[in-house]
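Note sheet for the following structure.
The values are calculated or read from the model by the stated rules, or taken from the named source; none is laboratory data. Source: prediction; values computed, not measured. Positions of Cβ are generated from backbone atoms using ideal geometry, with glycine treated the same way; all protein chains shown enter the neighbour counts. These area figures cover heavy atoms from the full protein model, side chains too; ligands, DNA and RNA do not enter into them. Shrake-Rupley method; radii C 1.70, N 1.55, O 1.52, S 1.80 Å.
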Amino acid sequence: MAKNLKTTEFGAFQTPLNLAEQITQLVFKQYPYIKSLVEPTCGIGNFIRASLKLNDNVKSIYGWEINHEYIKSAKSISCNKCIDISIEQKDFFSVDWSLLPEHLKESVLFIGNPPWVTNSELGRIGSKNLPHKTNFQNYGGFEAITGKSNFDISEWMLIKIAEYISGKKAALSFLVKTSVARKIFLHICKHRLLIKNINIYNIDAKKHFDVSVDACLLCSEGCFKPPKEYISSIYDSLSDKSPTKIMGYTNGKLIADINTYNLLKDVDSQSEIPWRSGIKHDCSKVMEFNLKDGKLFNGFQEQIDIPGDYLYPMYKSSHVANDKLKKPVKYMLVTQKKIGIETDSIKILSPKTWTYLQSHKEKLDSRKSSIYKNAPKFSIFGVGDYSFHPWKIVISGLYKNIKFKLIGPFQKKPIVLDDTCYMMSFKSKKKAEFVYRLLSSKIAGEFIDSIVFKDSKRPITVALLNRINLKHLAKHLGLIEKYNLLFENNKHKQLNLF
Ligand SMILES: C[S@@+](CC[C@H](N)C(=O)[O-])C[C@H]1O[C@@H](n2cnc3c(N)ncnc32)[C@H](O)[C@@H]1O
């Protein structure tokens, strides 16, 4: 389907009939008690068509749709069985859920494919296809629902439906982005909704909708008492009979693979050595240099002539994510040793560096981030003693391959990282090598895989890395004595002295 304004505004990718049939077949098997069906954003009504073909138990069908063109097509659905079909032009956001007819309180299935669009995309095109303010207030503020200001409108719609079926003999089954399905699952868990049998079936969105996004069918049904634990079975496709993974929930967090996680959950606490981002300067053309034939060039291809005093070999994400770590070919101008310290002394200590910085003053002064306001001239961030420790374990924050690298000094200088990388730094090579051994073990990989959603945009975050407890990892690997020798001995010595 051509992507025009209307498509964006209403997220109007219609579900192909054959996919709708495959889904309804699966769903009716799971929920044989269904007597009524609601397709709340029914478009041209393919889920209704598919249901009529496949199910004889359904006695009433409701289709709601905002677009009058689609309604025309949906209204043309005919049926020679004894079924009440009601297709209405309706805005989902204006539905008063307390006024739904009595027979939609029991044995009802909500099914379909809500719009695939975010509120900020709608904001950009000036669309009002959003929840009304009064609805937000009923929920205690929109932030309370989603915890952030950018959201998929399908997320809002599905939360409404999940809350409606909670505690009822009713079910839901919707095609959504995988990221949305996870948010709905999180909402169900956090609010302890009376919902069970949560299943996620991955679908090939490229094949069915010609869009490159991870998508799935999310299914679940209401129940009468809270489930013992909230889990969701993840199937690779609609036809798979057994799940590939079980997603879980613990301490407010989603867990990608709860079975593996449960075996290693003691590792999930706090890293003893903090993970940090690399250096942030927001001006790579001025602050980073490429080494070519022994000469340094900045991002404007100007050859620069400054002494090494403030220059450090550097890696960025693409270097770190590379299978084979090569020698650094880039340098970074590091103007401060700690956040916020004065930079005027560069003028005296390294006049050429100062002159270079002055010559690009405009670029540096116009850096947008508010952190640079009222900071010393030519400031950088994400810098501290740790940036200058010789040994580092590093990982890219941009790439999905979860591989740690151990790096040491280069030409007698510590290698620094840009802010697309994460690092843990060490003065001692022995400690760095030991921690690297722990982190690159199979068990560490299994633990990380169990908590990471690889299909998310940036699966690796500093918060996630900081959850890996090294001592517990060492215990699993039978290396606790070595761990104690390297990290706990000093503590004991100090205690004895005391
Ligand atoms: C992804 S399409 C799916 C259509 C249909 N459910 C299907 O599966 O073929 C989403 C549909 O939601 C409709 N829609 C968008 N915003 C809506 C709203 N606020 N209320 C009701 N329908 C809406 C669009 O017009 C579009 O037909």
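Scanning segment 57-71 for residues being open to solvent by 30 Å² or more (accessible area, probe 1.4 Å) and within 18 Å of N129 (Cα to Cα) gives a total of 4.
Can you tell me which residues in segment 366-402 are aromatic (F, W, Y) and assigned to a strand (DSSP E or B)? Quick ask: steps written out before the conclusion?
Step one: list which residues in segment 366-402 are aromatic (F, W, Y), which gives 372, 378, 381, 386, 388, 391, 399.
Passing the criteria: F381, W391.
Scanning segment 452-489 for residues that are in contact (Cβ under 8 Å) with a residue 40 or more places away in the chain, in a helix (DSSP H, G or I) and either of a type outside the set (A, V, I, L, M) or open to solvent by 10 Å² or more (accessible area, probe 1.4 Å) (or both) yields V462, K471, H472, K475, H476, K482, Y483, L486, F487.
Residues in segment 321-344: is at least one open to solvent by less than 40 Å² (accessible area, probe 1.4 Å) and at pLDDT below 95? Walk me through how you get there before you give the answer.
Step one: list which residues in segment 321-344 are open to solvent by less than 40 Å² (accessible area, probe 1.4 Å), which gives 321, 328, 330-336, 343.
Within this subset, residues satisfying the condition of being at pLDDT below 95 are 321.
Yes, some residue in segment 321-344 is open to solvent by less than 40 Å² (accessible area, probe 1.4 Å) and at pLDDT below 95.
Residues of segment 100-117 that are within 8 Å of the ligand (Cβ to nearest atom) and open to solvent by 20 Å² or more (accessible area, probe 1.4 Å): W116 alone. Within segment 191-230, the residues that satisfy the criterion of being within 24 Å of the chain's Cα centre (by Cα) and in a loop (DSSP other than H, G, I, E, B) are H191, R192, L193, D204, D210, V211, S212, V213, D214, E229, Y230.
Of the numbered conditions (1) at pLDDT 90 or above; (2) at negative phi; (3) open to solvent by less than 40 Å² (accessible area, probe 1.4 Å); (4) within 15 Å of the ligand (Cβ to nearest atom), E9 fails exactly one; give the number of that condition. Exception for E9: condition (1). Whenever a residue of segment 75-99 is more than 16 Å from the ligand (Cβ to nearest atom), its partners that are assigned to a helix (DSSP H, G or I), lying with C-beta atoms within less than 7 angstrom and at least six residues away or across chains, give the pairs C79/L52.
Based on what the data block shows, is F404 modelled with pLDDT of 95 or more, over 20 Å from K337 (Cβ atoms), surrounded by 19 or more Cβ atoms within 10 Å (Cβ to Cβ) and out of contact with any strand residue (DSSP E or B) (no Cβ under 7 Å at 6 or more places or on another chain)? Judged against the criteria, F404 is not a match.
Keeping to segment 280-294, report how many residues are surrounded by fewer than 23 Cβ atoms within 10 Å (Cβ to Cβ), modelled with pLDDT of 95 or more and at negative phi. Residues in segment 280-294 being surrounded by fewer than 23 Cβ atoms within 10 Å (Cβ to Cβ), modelled with pLDDT of 95 or more and at negative phi: 6 in total. Scanning segment 367-397 for residues that are of a type in the set (S, T, Y), free of Cβ contacts under 8 Å to residues at least 60 places away in the same chain and either open to solvent by 30 Å² or more (accessible area, probe 1.4 Å) or not assigned by TED's automatic domain parsing to the domain that holds S284 (or both) yields one hit, S370.
Applying the set (1) among the polar types (S, T, N, Q); (2) modelled with pLDDT of 95 or more; (3) within 28 Å of A181 (Cα to Cα) to S456 leaves exactly one unmet item: (2). Here Y70 passes the criteria (1) within 12 Å of the ligand (Cβ to nearest atom); (2) at pLDDT 95 or above except the one numbered (2). When both residues are 6+ apart or on different chains and their Cβ atoms are under 6 Å apart, which pairs have a first residue that lies in segment 153-164 and is assigned by TED's automatic domain parsing to the domain that holds A12, and a second that is part of a helix (DSSP H, G or I) and among the aromatic types (F, W, Y)? Qualifying pairs under 6 Å: M157/F92; Y164/W97.
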